[in-house]
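J.: Sharing a structure, written as structure tokens. Questions coming.
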Ligand code: G6P
């Protein structure tokens, strides 16, 4: 067991550290002459760009990777994307036709609800594309097209490296689709792709923030409840940060779109309640900072995660985690590991079974 963990105390920590290699293995074979290229995976972008509507459906962490996909595909490729939870999508009589593209995301490739959605999409004649980690899994076998993520086996129930590679595939797809669609030019596509190619180094740098993350964890460990807030891509990321924390620390937490706080959730804020604010998107930073001030004025303890170029005034946050800089679109890949590490250290401090949290299974093959 110790040997399998490669010197790390838990599989989760080992897998967090495997992320630079997992991203490199997933991304680099799909960059050809500086451009994203999914043709070897059987993906024809000229066809893909003509689908009426893109759906991304999955469960748990994989669904959160889909949320990042939605933001980047819509932003860059200007195609409408609907993201849904598999167990909701299949029972809501969804409006999906043969002119649509269904993307399902699954680490295991065996999740029953995700599988059911794939079959439903095939029944109506929609094109299906699966983003899967386990080679030869049921979902991979049934989808029309498969893009494999190369994370290697993920043992820890709380997913980390699988999420990271799922979002890296979302970027490859978004960039290539945007170029095919003519919504970004070749220069911009190459620039974004080059940045994606450099993400393994950026992620490695973010792993060095582990002491800060462990310190932040010591501030969360006695909390009864906390909030994650963000806007846009930062909101998508907050959802995953919050899920990670509750899965393994058993502390109740919610992710909220920062601008929506004042419409209800702000009433939950009491003296000392931790709020983790993710703010990596320059256009939105001022708005998020004003939301931070609102919670701070009501006694919240604010932990701000932002990139190192962003200037925040004195006293805005109690603690700041500064991320290395990359293209704004790619910031979720820079912020993901610190969020995972915060959850990890909180769970360790609570003395929980980090790799096998209560009541959860790695793969859910029943409805
Ligand atoms: C389970 C796991 C989650 C995972 C979800 C989807 O609930 O505990 O970590 O995100 O299933 O799994 P999949 O294998 O389809 O990505």
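J.: If Rh is defined by the Kirkwood formula over all Cα pairs and Rg also comes from Cα, what ratio Rg/Rh do you get for the chain?
T.: Rounded to two decimals, Rg over Rh is 0.95.
J.: Let me ask something else. Any chance you could give the angle, 0 to 90 degrees and rounded to 10, that helix 282-297 forms with the longest Cα principal axis of the chain?
T.: 40 degrees
J.: In addition: Between residue 224 and residue 5, what length in nm is gained on full extension when 0.36 nm per residue of separation is reduced by their alpha carbon distance?
T.: Full extension from residue 224 to residue 5 adds 75.7 nm.
J.: Just to confirm the number: angle between the C-alpha axis of helix 186-207 and the first principal axis of the chain, 0 to 90 degrees, nearest 10?
T.: 40 degrees
J.: Give the distance, in whole Å, between the Cα centre of the stretch 30-54 and the Cα centre of the stretch 72-112.
T.: 17 Å
J.: OK, next. Hey, what did the stretch 1-125 get for relative contact order, percent, Cα under 8 Å, at least 6 apart?
T.: 23 percent
J.: Then there is this: If each DSSP helix of 4+ residues adds -39,500 (n - 2.57) and the sum is divided by the residues in the chain, what number results at 222 nm, nearest 500 deg cm²/dmol?
T.: -13500 deg cm²/dmol
J.: Ok, one more. Which percent, to the nearest 5, of DSSP beta bridges fully inside the stretch 264-367 are antiparallel?
T.: 0 percent
J.: Report the relative contact order of the chain, percent, no decimals, based on alpha-carbon pairs under 8 angstrom and at least 6 residues apart.
T.: 20 percent
J.: Rounded to the nearest 5, what is the percent of antiparallel bridges among the DSSP beta bridges in the chain?
T.: Beta bridges within the chain, antiparallel portion: roughly 5 percent.
J.: Ranked from highest to lowest mean number of other Cβ atoms within 10 Å per residue, what is the order of the peptides 139-146, 8-15, 267-274?
T.: Order by mean packing, descending: 8-15, 139-146, 267-274.
J.: Moving on. Nearest 10 degrees is fine. How inclined is helix 161-181 to the longest principal axis of the chain, computing both from alpha carbons?
T.: 50 degrees
J.: Return a whole-number percent for the relative contact order of the stretch 304-367, with Cα pairs under 8 Å and 6 or more residues apart as the contact set.
T.: Worked out over the stretch 304-367, it gives 22 percent.
Here, each number is a calculation from the coordinates, and none is a lab measurement. Just so it is clear, the structure is predicted and the values come from calculations on it, not from any experiment. With ideal geometry, Cβ positions are generated from the backbone for all residues, glycine too; neighbour counts draw on all protein chains shown.
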